[in-house]
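This structure is in structure tokens; I'll ask about it shortly.
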14 protein chains.
Amino acid sequence: MDSISIIAVVSIITAGLTTGIGCMFPALSEGKALATALTSIAQQPDAAPTITRTLFVGLAMIESTAIYCFVVSMILIFANPFWNFIIK
Amino acid sequence: MDSISIIAVVSIITAGLTTGIGCMFPALSEGKALATALTSIAQQPDAAPTITRTLFVGLAMIESTAIYCFVVSMILIFANPFWNFIIK
Amino acid sequence: MDSISIIAVVSIITAGLTTGIGCMFPALSEGKALATALTSIAQQPDAAPTITRTLFVGLAMIESTAIYCFVVSMILIFANPFWNFIIK
Amino acid sequence: MDSISIIAVVSIITAGLTTGIGCMFPALSEGKALATALTSIAQQPDAAPTITRTLFVGLAMIESTAIYCFVVSMILIFANPFWNFIIK
Amino acid sequence: MDSISIIAVVSIITAGLTTGIGCMFPALSEGKALATALTSIAQQPDAAPTITRTLFVGLAMIESTAIYCFVVSMILIFANPFWNFIIK
Amino acid sequence: MDSISIIAVVSIITAGLTTGIGCMFPALSEGKALATALTSIAQQPDAAPTITRTLFVGLAMIESTAIYCFVVSMILIFANPFWNFIIK
Amino acid sequence: MDSISIIAVVSIITAGLTTGIGCMFPALSEGKALATALTSIAQQPDAAPTITRTLFVGLAMIESTAIYCFVVSMILIFANPFWNFIIK
Amino acid sequence: MDSISIIAVVSIITAGLTTGIGCMFPALSEGKALATALTSIAQQPDAAPTITRTLFVGLAMIESTAIYCFVVSMILIFANPFWNFIIK
Amino acid sequence: MDSISIIAVVSIITAGLTTGIGCMFPALSEGKALATALTSIAQQPDAAPTITRTLFVGLAMIESTAIYCFVVSMILIFANPFWNFIIK
Amino acid sequence: MDSISIIAVVSIITAGLTTGIGCMFPALSEGKALATALTSIAQQPDAAPTITRTLFVGLAMIESTAIYCFVVSMILIFANPFWNFIIK
Amino acid sequence: MDSISIIAVVSIITAGLTTGIGCMFPALSEGKALATALTSIAQQPDAAPTITRTLFVGLAMIESTAIYCFVVSMILIFANPFWNFIIK
Amino acid sequence: MDSISIIAVVSIITAGLTTGIGCMFPALSEGKALATALTSIAQQPDAAPTITRTLFVGLAMIESTAIYCFVVSMILIFANPFWNFIIK
Amino acid sequence: MDSISIIAVVSIITAGLTTGIGCMFPALSEGKALATALTSIAQQPDAAPTITRTLFVGLAMIESTAIYCFVVSMILIFANPFWNFIIK
Amino acid sequence: MDSISIIAVVSIITAGLTTGIGCMFPALSEGKALATALTSIAQQPDAAPTITRTLFVGLAMIESTAIYCFVVSMILIFANPFWNFIIK
């Protein structure tokens, strides 16, 4: 395999795996946070606005780690400096 | 194997695995959130509307991580820049 | 092995694994959601209609992640762009 | 190994593994759902008809993921497009 | 190794593994369901007929996933289309 | 290695592993069912006959999955169609 | 390595592993059953004869899966049809 | 492969994996902290301001470990001293 | 490596592993049974003779699975039919 | 590959992995500590200052292990004695 | 490598691993038994002599499985029949 | 690769992994100890000075195992006897 | 590699791993026993002398399995019969 | 690679891994013991001196297993008999 192929190959694999792996645990902990939010609302309906607001701020923070991974994948597919260097 | 084959091969594998792996944990945590939602409704039937609404907003957020993975797979199958470069 | 074989081989493996792996966790969490639904009905028989309705909406959402995987498998077997390119 | 052999080999392995792996978790969660159903009946004998009906609908839905895998295996053994292409 | 050997070899391995792996989880969840059935009978002796009947219907459904795997193994040993093609 | 050896080797390994792996989980769940049976008898001595009868029917059903594996092993050792074909 | 050696080697490994692996879980579940038996006797001393009798019947049934594995090992060491065929 | 390719390849893989792996556990523990925060607010609504403030300080501290990993990835992609040395 | 060496090597490895692996779970479940025996004696000192007697019968039964493994190891070291055949 | 490349490659991989792996568990246990801190504040609002102070001292101590790993990564990237020796 | 070396090598590895692995679980279950013994003494100080006596008999029985492994290691190092055959 | 390179390579990898792995569990158990310390302070505010003092002594002891690993890494990077021998 | 090197290499690896692995579980179960001892003392301060005495006897017994592993390592480093045979 | 290099390499890896692995579980169980000590002090402040004293004796005993591993690493780095033999 020549250099162009190998870099293309590696970029594809890494992009896929980074998103695939990196989305696992954010999904898991969003599920967990959501679950406890629902339990808490059922337990203390009066605090629902506070709980919901804290929940969405927290979910956004967790989502950010998934987005870091998605960003790295997108960089590797569409703005990859190594690929740009090689194909020049 | 020539360059075209290898890139095709790698794209296929990565597309499959990214979706396969990336859908595992969203499914898991949607199940968990759904389960606690049901428990909460049984425990506090009066809060059912609030719980259901929060549930569906949260499920959509979790679903989004599965969709990131599906999007990466679709990009790799139908809009793959490395493949387009090679077959030119 | 020539290019045609290798792509056929890889498509077969990936199609099988994607469905095989991708159906594991949806099944698991449908089981979990179903289990808590049954517990909740036993605990609060009056809320059975609400619980059942929420359950089926949620199961459909979880099922959707299994269907993403099944769709990727079917695309790889019957509408594979790389295979179509190679056999031309 | 020539192309025919390799594709036959890969189809056999994938067909076996897809069913083998894909039946694990549906079985597991059917067992879980069944177990909670029995507990719920013991706890609330009056709700037995509702519980049983919800149980069987849910089991059918879980069984469907096992059937996706079985279908992929059967396609790979008896209606494999790659095999049909090669042996022509 | 010639083609006949390799296909025989792969069929043997896959047949064994599919049954070996595929029987693990059905056994596990039948055990679980049986265990909760016994607990439920001890807890609510009057509901024994309902519990026993639901148990056996459910066990049959779980057993079906083990039988899918056994069927795939038997097909691979005694009705393998790839083997039949090769030895002709 | 010639074909005869390789098929013999593979048959030996597969026969051993299928029984070895396939007996693990039935043993585990028989142990679990037995354990809960004992707990249930201690808790409700009057229901001992019902419990014992359900236990033995269930154990037989679990044992059946171990026997599937044992059957596959015996077929591979003493009635292996691939071996019979090769040594002819 | 010639055929005789390889078959001897494989038979040795498989015999060892089948017993080694196959005895793990029976031991585990015998321990579990024994433990609950002791708990149950302490909890309900009057039911000791029933518990002890059920325990020993169940242990014999679990032990049977360990014996399947031991039987396969002994067949592979002392009554191996493939070995007998090769050394003729 | 020449030196330039190999270093590019390795940088891509490492950048992807470092972010992918390094974001897993921060996400997990942010989810956990968020979940307990919600439980605590439901349990003690009066302490909501203190809890929320401690929560966000702590989340920032956890996020910092994810950012270490993201920083290492960015260094490897855009400010890699080994790459700069090689391409000179 | 000639045949004698390879068989010696394999016998050594298998003998070691069979004992090493096969003693793990018996030890584990003896520990578990012993632990519950101690708990039970503390809870019901009057039943100590019955508990102790059942404990030692059960420990002997668990020990038997460890002894199967030790027997296989000793057969492989000191009464190995394949080794005897080869060195003749 | 020549010596310069291989050392560069290995330094990149190790730097990435050390940070990636080494940040996992500090993140995990900071999350755990933070979670219990929040629970404790909710349970005993009067002790909030003591809890918060102990929490931040402890978090700093845990963070220190993540920093050891980050330091090793930075040494390997920017102050690597082996690299300096080789490129001279 | 000649035969003498390879057998020496394998004996060393196997001896080390057998003891290393084989001591893991006895240690674990001795710890467990000891822990419950201490709990039981604290709970029922009057039964301390019975508990202590049963504990030491049981620990000896568990220790025996560790000693089987140590014996196999010592046989492999100092009384290895395969080594004695080869160096003659 | 010549000797100098290989030793440099191995030292880099080992240094990284030793710190990376060796910091995992100290971090984990510091987190656990810190968490229980916070719970204990909330539960018994009067014992805060004793708890805090014991906590910091214990944390120092746990930190010592992380420092052993860091020391080994530093020795391998900056005071490696094998490296010093080779480059002479 | 000649025989001397390979035996030296293998002895080093095995010595390290045997101690490394073999010390894991004794440490774990000493920690567990110690933890329950502390709980028991807090729960029943009057039984402290009995508990402490039983604890130290038990710890010595657990420590013995760690020492078996350390002994095997020391034999492999300083009194290795295979090494002595080879260097003669 | 010549003998000197390979032995140096292996010594470095083994030294690193032995300390890295061997420090994991002592750290873990020191954390556990410390945690229960803190809980016990909070629960029974009067027994603090006894608990603290038992804790530190026990921690020293656990630390000893970590020190065995550190000792083996130091022997392999600075007093390695195989290395001394080779470089002579």
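Rule-based calculations on the coordinates, nothing more; no lab input. The structure displayed is predicted, hence computed values, not measured ones. Here the Cβ positions follow ideal geometry from the backbone for every residue, glycine too, while neighbour counts run over all protein chains shown.
Please go through the residue pairs K:LYS32/L:LYS32; A:LYS32/M:LYS32; H:LYS32/N:LYS32 and name each one whose alpha carbons sit more than 27 Å apart in this structure.
Distance filter (> 27 Å) returns A:LYS32/M:LYS32.
A further question follows. How many percent of all Cα-Cα pairs in the protein assembly as shown sit more than 53 Å apart?
Considering the protein assembly as shown, 22 percent of its Cα-Cα pairs are separated by more than 53 Å.
Let me ask you something else. Which one, K:PRO45, G:MET24, B:GLY16, is farthest towards the positive end of the dipole of the protein assembly as shown when Lys and Arg carry +1 and Asp and Glu -1 on their Cβ?
B:GLY16
What angle do you read, to the nearest 10 degrees and between 0 and 90, between the alpha-carbon axis of helix L:24-43 and the longest principal axis of chain L?
Tilt relative to chain L: about 10 degrees.
Moving on. What is the average number of partner chain Cβ atoms found within 10 Å of a Cβ in C:76-88?
Values: counts 5, 7, 2, 1, 5, 7, 12, 5, 0, 4, 3, 2, 0.
Average neighbour count from other chains, rounded to a whole number: 4.
How many nm is it between the label spots at L:LYS88 and H:LYS88, if each spot is 7 Å from the Cα in line with the beta carbon?
3.3 nm
What's the local net charge at N:ALA35, with K and R +1, D and E -1, over the other residues with C-beta under 13 Å away?
Within the 13 Å Cβ shell, the charges total +2.
So what's the angle, to the nearest 10 degrees on a 0 to 90 scale, between helix L:3-22 and the longest Cα principal axis of chain L?
10 degrees
Report the Cα centroid-to-centroid distance between the stretch J:1-41 and the stretch K:53-75 in angstrom, as an integer.
After rounding, the separation between the Cα centres reads 40 Å.
Which angle between 0 and 90 degrees, to the nearest 10, do you get for helix H:48-78 versus the longest principal axis of chain H when only C-alpha atoms count?
Between helix and principal axis, roughly 0 degrees.
Another question, then. Using only DSSP helix segments of four residues or longer, with each worth -39500 (n - 2.57), what per-residue ellipticity at 222 nm results for the protein assembly as shown after dividing by its residue count and rounding to 500?
The helix-only estimate for the protein assembly as shown comes to -30500 deg cm²/dmol at 222 nm.
For C:VAL57, K:VAL9, M:VAL10, which order do you get if you count the other beta carbons within 10 Å of each Cβ and list the fewest first?
Final ranking by Cβ density, sparse to dense: C:VAL57, K:VAL9, M:VAL10.
Could you compute the FRET efficiency for M:ASP46 and L:SER64, with r as their C-beta to C-beta distance and R0 at 45 Å, rounded to 0.05?
So, using R0 = 45 Å, E works out to roughly 0.85.
If you average over every viewing direction, what projected area does the convex hull of the Cα atoms of chain L give, in nm²? Present the calculation step by step, with values, prior to reporting the outcome.
Values: hull surface 24.9 nm².
Average of the hull's projected areas for chain L equals 6.2 nm².
Can you list the aspartates and glutamates whose alpha carbon sits under 17 Å from that of M:LYS88, skipping same-chain ones fewer than 8 residues off?
K:ASP2, M:ASP2
If you don't mind, there's one more thing I want to ask. Quote the FRET efficiency, to the nearest 0.05, computed for I:ARG53 versus C:PHE56 with a Förster distance R0 of 56 Å and r equal to the Cβ-Cβ distance.
0.55
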